[in-house]
Amino acid sequence: MKIVICLCLILYWLSFPVYPFGHSLLPLFSLDPSYININHGSYGSAPKYIHEKLREYQLKAERNPDRWFRLDVQIEMENLRKKLSKYVNCDPDDLVILDNVSAGINSILKSLKFQSNETILYYNIAYGMVKLTLQYLSTEIFTQKQIIQIELNHQTIQNTNLLLKKTQDIINKIKNVKLIIFDHISSTPAILFDIESMLKYFHSQGILTLIDGAHAIGAIELNLTKLNPDFYLSNTHKWLYTHRSSCLLYIKKDLQKLIHPIITSFGYLQSFQNEFFWLGTKDYSSYLTISDALDFRQTIANEIDIYNYNHQLAIQAGYLLAQMWNSSILISNEKFISTMNNIELPLIINTLDKMNILYQKLINQYNIFLPMIEFDKKFYCRISAQIYMELNDYQTVGKIVLDAISTINFLPSLK
Amino acid sequence: MNPIEFGEKTRHDHFLMDQDVAYTNHGSYGPCPRFVYEELQRIRLEQERNPDRWFRITKYNLYVDCVRAAAYRLDCNFEQIALIDNATAGINAILKSPLPIFTSTTGGTILCTNLAYGSVLFTIEETARERNMKIRKINIQLPIESKQAFIQQFKNELNKGDIENIRLAVIDHITSTTALLFPVDELTDLLHVHGIPVVIDGAHAPGQVNPQLSLNQLKCDFYIGTFHKWMYAARGCSFLFIRDPILASQIQPSNTSWGYRPMSFQLDIMTHFHLQFFHQGTRDESSLLTIPKAIEFADLLAGGFDRIHQYNSTLSQQAKNFLEQHWNIQGKDLFPNEMQAPYLKMILLPDLAEYKKTDDDAVRLINDLIEHYKVVAIILCINNELYVRIATQIYNRIEDYIVLADIIDRIRK
C-alpha cells in the first residue's frame, strides 16, 4: 500500500511542470544575474545543462579526437537529424546542419544559377546580412537589375492580402521572377508572417521560395511538411536553447542537387548529406546540443506552453512600454506577433542620431542592449520575451529608457 | 619556472587523451593541452554571461590581441593575417574570391600537384568548373630521388609551355597524405620567375618546420596555416596570410556576411580583411581566441620551440628507425632525408592478410585500430601499399610506437 501511495505521489509530481516560468528559471541559465536580457532574440542563451553537455562532447573530442571525428560524430549527427526532423516534421534526409543562417543563405544564393533575365525578389525588412549577401551578388555575380527590393510599410507588414497584392504588382512589372526571399519572423522590425499563405501563393506562380526562418524554431510551431517551402533556414541557437551556433537547412528533395555548401570539402560531388556533413576541422559540438536542447525543453514544459508564455509576455510587455512611453506598438494584430515586439520609442527620439545616442547610452551607462530601428518614418525598439523573463523586467527597462533620455542633452538639429 | 617533462608525464598532467590509448596521430586533429582547453571554457563562459556585450564589443578587442600575437609569432604584419576556422576555409576563400587573377580575363589554368590534400583538390576542381578554367596537375611520382629531382618535375611541367595562362599555383608546405616537406623557397622562386602567384597550403607547417615559420621571409603570395595542429590552439583555429594588402582587401570569405560592409567603429581597430572573416553572423569564435594561451603553453610550459622541436623530431626519427628495423624495411623511404617532415614519418606496413592495399581498407584499418585495439593511427594507401603516418608530439614516447608495432603484428597473424 505504501508503495502504491509513493508511486502515486511520484506520478503526481512528474505530471506537473517542474518549473514555473519567470525569474525562478534564471539560475538555469548562465547569464550574469545582474544583466537584464531583453534581447534574447539576437544571440540566444543556452541553459547550463546545455553547456554541461557541450563540455561532455568537447571532452570526448579531446580524449580521442580521431575516434570522435571519424566515428562518433557521424553517429551522433545521424541520431540528431532523426530527432530534429521529427520536431519540425520533415524527412531526416532533407535537412542538414550548418553554422548559421548566413552560411545557409550564402550556400543557396551562390549555388543557384540564374539566367541574365531572371530576377530575385526580397523585402525591405530583410535581415541586414541577407541584404549584404545580395549586394555582393549583384556586384560580383549578377547585375543590379536582377535583384529587386519590395517596399513594405506599416500597412502591408500586417496584412497578408495587401502584402501579396503589392508583391504581385512587382512580379507583373518585372516578370521572370525565379526566386523570392522572405522572413518567417523578421528581425527588425520583428513580425511573424503568414508564410503558409505566402508559400501557397508563390508556388502557384512557380517562384522558388527561400525562407529566412532564423527566429522561428523554438519560438513558434514549425511544421515543414505543412508549410512546404523550397528552402528553409532556422538558427537553433536563438529560440531553441542550443549553444551557438547551429542552423537547420531544409531543402526540398528535387532541389538538393542544385545546392552546394560554400565550403567545398570531402563530400564534393556526393549526396546532399555528404556534401554538407564535413566542412573542415572544427568543433561541431554546438550542433550536437540540438538534441539536448530538445530534451531540456521537455523537462521545462510542453512546447505549446513555452510558445504561449513567450508570446503573451511579448504582447503584454509591448502594451506596457507603449503606455509608459506614451507611444505605440508597431503591430496591432496579435497573430503577426511571435515572441518579440516592436515598440515606438518615446517621441523625443525622432532622428537617427538621437536614436543612436540613446542606444549607446543604454549600453555604456546602464548595460542595456536594446536594438532600435527606423521603420516607415518612425523609430522603434525591439524587445524579446523569454521563459526567464517577467513583465517587471520590461517595466524596469521602460523606466531606464526614460531616465536615460532625461539625462541626454540632445543638441538642437542644425538646418 | 621549469618546463614540463615531455613524454608520459606530459601526457598525464597536461593532455586530456585517454591514458590507455596509444596515440600516434597528432597530425589529424591535434588534441590541445588542458591549459588551452580550460581557456576555451573560460572564454565560452564569458560569452554566456552577457552575449550582447560579447558579440557587439568584447570579441573584437580580443580578436585584435590574437591577431597581433599571431602576427608576432609568425613574423608578419597585422594587416596581412586573418584568423579562420581551418585550412579548408582558407583555400575556399582564395579560390572563390573575385580576385583579378580570376576576373580580369576568362578561362585560365590552376597549377597544382597530385599530392595536394583531398578537399583542396576538390575545391580546385569545383573552382575550375565554375570559372571555366583548366587544371594542370603535376603528377609527382614517389619515390623521389632528391630535392633537385623533385624541383625538376616542376620545371618539366613549366617547360611544356602555355605558362601565361597559369593564374595561380597551389603547393603544399608539408603534405598531409605523404608527410613530404616541399622546398617551398625554391619552388616559389621558380613559379615567380614565370609570373605565377603562389598559394602555400601550410596546414602542417606552423610549429613543425625548423627554423620557425617566418611569413616575412617566405615569398609566397598566400599562405594557409593552422594553429590547431602543431601550435597547441583549440580546434578550429587557423590563419590566412595575404602578402599584398590590395589582394587582402579583395578576398571574399565563402560566407559573405556582416563583414562585407563593416561598421566604422570596427574599422578603427582592424581592417576590412579581418572583419570579412570575423564577422560572419553569430558563431562561436572561442577557438580562435585561444592563440595567446597556446603560445604561452609552448613558450613557458613547454620551454619554447627549440626544446619542443628537439624532442619531437628526435622521437620521430627514433620511432621511424625502430619500426623500420622491426619490420625490416630500411631503405624504402619515399623521399630523401632533407624532404622528411620533422614530426611526421611514413612507415611501410607489412602485408596484412585481412586488409587489402586500397584506400577503403586503409580507412577500415584505422577504424578497427580505434575500435578494437586502443591504437590511434592514420593509415594511408600510397603506390598501392599501406603506410602508417606516425606523428610525434610532446606527450608521446617510444613505447607508443612499440605498442603500434605489436598491434600490427597481432593483426598480421
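Scan segment B:322-348 for residues that are among the polar types (S, T, N, Q) and crowded, with 21+ Cβ neighbours inside 10 Å and report the count. So that I can check it myself, show each step before the final result.
Within segment B:322-348, the first condition is being among the polar types (S, T, N, Q), and the residues that meet it are B:325, B:328, B:330, B:337, B:340.
Restricting the remaining residues to those that are crowded, with 21+ Cβ neighbours inside 10 Å gives B:340.
Matching residues across segment B:322-348 total 1.
Answer yes or no as to whether A:Ile383 is in a strand (DSSP E or B), under 24 Å from A:Gln316 (Cβ atoms) and touching a strand residue (DSSP E or B) at 6+ places or on another chain (Cβ under 9 Å). Write out each step before concluding.
On the way: in a strand (DSSP E or B): yes; under 24 Å from A:Gln316 (Cβ atoms): yes; touching a strand residue (DSSP E or B) at 6+ places or on another chain (Cβ under 9 Å): yes.
Against the criterion (in a strand (DSSP E or B), under 24 Å from A:Gln316 (Cβ atoms) and touching a strand residue (DSSP E or B) at 6+ places or on another chain (Cβ under 9 Å)), A:Ile383 qualifies.
How many residues does segment B:257-266 hold that are within 13 Å of chain A (Cβ to nearest Cβ) and touching a residue at least 12 places away in the same chain (Cβ under 8 Å)? I'd like the intermediate steps shown before the answer.
Taking segment B:257-266 and keeping what is within 13 Å of chain A (Cβ to nearest Cβ), we get B:257-265.
Add one more test, that the residue is touching a residue at least 12 places away in the same chain (Cβ under 8 Å), and what stays is B:257-260, B:262.
Residues meeting the conditions: 5.
Looking only at segment B:110-146, count how many residues are surrounded by fewer than 18 Cβ atoms within 10 Å (Cβ to Cβ), within 17 Å of B:Ile171 (Cβ to Cβ), out of contact with any strand residue (DSSP E or B) (no Cβ under 9 Å at 6 or more places or on another chain) and among the polar types (S, T, N, Q).
Of the residues in segment B:110-146, 1 are surrounded by fewer than 18 Cβ atoms within 10 Å (Cβ to Cβ), within 17 Å of B:Ile171 (Cβ to Cβ), out of contact with any strand residue (DSSP E or B) (no Cβ under 9 Å at 6 or more places or on another chain) and among the polar types (S, T, N, Q).
All but one of (1) over 25 Å from B:Phe55 (Cβ atoms); (2) out of contact with any strand residue (DSSP E or B) (no Cβ under 8 Å at 6 or more places or on another chain); (3) in a helix (DSSP H, G or I) hold for A:Lys361; state the number of the condition that does not hold.
Of everything listed in (1) over 25 Å from B:Phe55 (Cβ atoms); (2) out of contact with any strand residue (DSSP E or B) (no Cβ under 8 Å at 6 or more places or on another chain); (3) in a helix (DSSP H, G or I), A:Lys361 misses just condition (1).
Can you pull out every residue in segment A:200-223 that is part of a helix (DSSP H, G or I), surrounded by fewer than 22 Cβ atoms within 10 Å (Cβ to Cβ) and in contact with a strand residue (DSSP E or B) (Cβ under 9 Å, 6 or more places away or on another chain)?
Passing the criteria: only A:His203.
Just name the residue that is nearest to the other protein chains (Cβ to nearest Cβ) out of those in segment A:50-86 that are in contact (Cβ under 8 Å) with a residue 40 or more places away in the chain, in contact with a Leu (Cβ under 7 Å, 6 or more places away or on another chain) and surrounded by fewer than 20 Cβ atoms within 10 Å (Cβ to Cβ).
Among them, the one singled out is A:Glu76.
Taking into account only those residues within segment B:48-74 that are of a type in the set (Ser, Thr, Tyr) and either outside the structural domain of B:Leu275 (by the TED database) or in contact with an Asp or Glu (Cβ under 8 Å, 6 or more places away or on another chain) (or both), which is nearest to B:His272 (Cα to Cα)?
Applying the filter and picking the extreme gives B:Tyr63.
If the requirement is being surrounded by fewer than 24 Cβ atoms within 10 Å (Cβ to Cβ) and either within 14 Å of chain A (Cβ to nearest Cβ) or closer than 22 Å to B:Leu74 by Cβ (or both), which of these qualifies: B:Ile200, B:Ile224, B:Ile269? Working first, answer last.
Details: B:Ile200 fails: surrounded by fewer than 24 Cβ atoms within 10 Å (Cβ to Cβ); B:Ile224 fails: surrounded by fewer than 24 Cβ atoms within 10 Å (Cβ to Cβ).
Just a single option satisfies the conditions, and that option is B:Ile269.
Based on this model, can you work out whether A:Leu391 counts as more than 28 Å from B:Thr58 (Cβ to Cβ) and not aromatic (Phe, Trp, Tyr)?
On the way: more than 28 Å from B:Thr58 (Cβ to Cβ): yes; not aromatic (Phe, Trp, Tyr): yes.
Answer is yes for this residue.
Can you tell me which of (1) surrounded by fewer than 22 Cβ atoms within 10 Å (Cβ to Cβ); (2) farther than 24 Å from B:Leu180 by Cβ is the one B:Thr290 doesn't meet?
Every condition holds for B:Thr290 apart from (1).
If I filter segment A:37-49 down to residues being more than 9 Å from every other protein chain (Cβ to nearest Cβ) and buried (at least 19 other Cβ atoms within 10 Å of the Cβ), which single residue comes out as nearest to the chain's Cα centre (by Cα)?
Checking each candidate, the answer is A:Gly41.
Kindly indicate the residue of segment B:51-108 that is closer than 29 Å to B:Lys137 by Cβ and charged (D, E, K, R) and also nearest to the other protein chains (Cβ to nearest Cβ) among those meeting that condition.
Looking at residues that are closer than 29 Å to B:Lys137 by Cβ and charged (D, E, K, R), I get B:Asp85.
Per-residue answers, yes or no, for (1) among the hydrophobic types (A, V, I, L, M, F, W, C); (2) within 24 Å of B:Ile246 (Cα to Cα):
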residue: B:Leu62; (1), (2): yes, no
residue: B:Ala71; (1), (2): yes, yes
residue: B:Thr103; (1), (2): no, yes
residue: B:Glu145; (1), (2): no, no
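Counting just the residues of segment A:110-129 that are crowded, with 19+ Cβ neighbours inside 10 Å and closer than 25 Å to B:Thr127 by Cβ, which one comes out farthest from the other protein chains (Cβ to nearest Cβ)?
If we take residues in segment A:110-129 being crowded, with 19+ Cβ neighbours inside 10 Å and closer than 25 Å to B:Thr127 by Cβ, then A:Ile120 is farthest from the other protein chains (Cβ to nearest Cβ).
Enumerate the helices (runs of 4 or more DSSP H) found wholly within segment B:272-380, keeping only those where 2 or more residues are under 29 Å from A:Asp99 (Cα atoms) and within 14 Å of chain A (Cβ to nearest Cβ).
Values: elements: B:272-278, B:291-296, B:305-327, B:359-373.
Once the helices (runs of 4 or more DSSP H) in segment B:272-380 are filtered for at least 2 residues that are under 29 Å from A:Asp99 (Cα atoms) and within 14 Å of chain A (Cβ to nearest Cβ), what remains is B:272-278, B:359-373.
What's the total number of residues in segment B:1-43 that are touching a helix residue (DSSP H, G or I) at 6+ places or on another chain (Cβ under 6 Å), among the charged types (D, E, K, R) and surrounded by fewer than 21 Cβ atoms within 10 Å (Cβ to Cβ)?
The total comes to 2.
Being touching a Phe, Trp or Tyr at 6+ places or on another chain (Cβ under 7 Å), in contact (Cβ under 8 Å) with a residue 60 or more places away in the chain and under 14 Å from A:Ser187 (Cα atoms) is the filter here; which residues of segment A:340-369 pass it?
A:Asn342
Give me a count of the residues in segment A:172-185 that are buried (at least 20 other Cβ atoms within 10 Å of the Cβ) and either at pLDDT below 95 or of a type in the set (A, V, I, L, M, F, W, C) (or both). Give the steps one after another, and end with the answer.
Of the residues in segment A:172-185, the ones buried (at least 20 other Cβ atoms within 10 Å of the Cβ) are A:177, A:179-185.
Subset that is either at pLDDT below 95 or of a type in the set (A, V, I, L, M, F, W, C) (or both): A:177, A:179-182, A:185.
Residues meeting the conditions: 6.
Where the second residue is aromatic (Phe, Trp, Tyr) and part of a loop (DSSP other than H, G, I, E, B) and the first is within 19 Å of B:Gln217 (Cα to Cα) and in the same structural domain as B:Glu79 (by the TED database) and lies in segment B:233-253, which pairs have Cβ atoms under 8 Å and are six or more apart or on separate chains?
B:Phe239/B:Phe227
For segment B:220-270, which positions are under 21 Å from B:Ala205 (Cα atoms), touching a helix residue (DSSP H, G or I) at 6+ places or on another chain (Cβ under 7 Å) and outside any loop (DSSP other than H, G, I, E, B)?
B:Phe222, B:Ile224, B:Thr226, B:Ser238, B:Phe239, B:Leu240, B:Phe241, B:Ile242
Working carefully through the options A:Thr160, A:Thr133, A:Thr143, find the one that is touching a helix residue (DSSP H, G or I) at 6+ places or on another chain (Cβ under 9 Å), under 25 Å from A:Pro261 (Cα atoms) and of a type in the set (Val, Ile, Thr).
On the way: A:Thr160 fails: under 25 Å from A:Pro261 (Cα atoms); A:Thr143 fails: touching a helix residue (DSSP H, G or I) at 6+ places or on another chain (Cβ under 9 Å).
Of A:Thr160, A:Thr133, A:Thr143, the one residue that is touching a helix residue (DSSP H, G or I) at 6+ places or on another chain (Cβ under 9 Å), under 25 Å from A:Pro261 (Cα atoms) and of a type in the set (Val, Ile, Thr) is A:Thr133.
Mind checking which residues of segment B:1-37 are of a type in the set (Ser, Thr, Tyr), within 21 Å of B:Ala377 (Cα to Cα) and either facing another protein chain (nearest Cβ under 7 Å) or assigned to a helix (DSSP H, G or I) (or both)? Write out each step before concluding.
The first filter runs over segment B:1-37 and keeps only residues of a type in the set (Ser, Thr, Tyr), leaving B:10, B:23-24, B:28-29, B:37.
Next, only the ones that are within 21 Å of B:Ala377 (Cα to Cα) stay: B:10, B:23-24, B:28-29.
Answer for segment B:1-37, where residues must be of a type in the set (Ser, Thr, Tyr), within 21 Å of B:Ala377 (Cα to Cα) and either facing another protein chain (nearest Cβ under 7 Å) or assigned to a helix (DSSP H, G or I) (or both): B:Thr10, B:Ser28, B:Tyr29.
Checking B:Leu40 against (1) more than 10 Å from chain A (Cβ to nearest Cβ); (2) in contact with a Cys (Cβ under 9 Å, 6 or more places away or on another chain), which test does it fail?
Condition not satisfied by B:Leu40: (1).
Looking only at segment A:160-170, count how many residues are within 22 Å of A:Phe142 (Cα to Cα) and crowded, with 20+ Cβ neighbours inside 10 Å.
At the first step, the residues of segment A:160-170 found to be within 22 Å of A:Phe142 (Cα to Cα) are A:167, A:170.
Checking which are crowded, with 20+ Cβ neighbours inside 10 Å leaves us with A:167.
Residues meeting the conditions: 1.
The values are calculated or read from the model by the stated rules, or taken from the named source; none is laboratory data. Here the structure is a predicted model, which means the values were calculated and not measured. For neighbour counting, all protein chains shown are included, and Cβ atoms are generated from backbone atoms with ideal geometry for every residue, glycine included.
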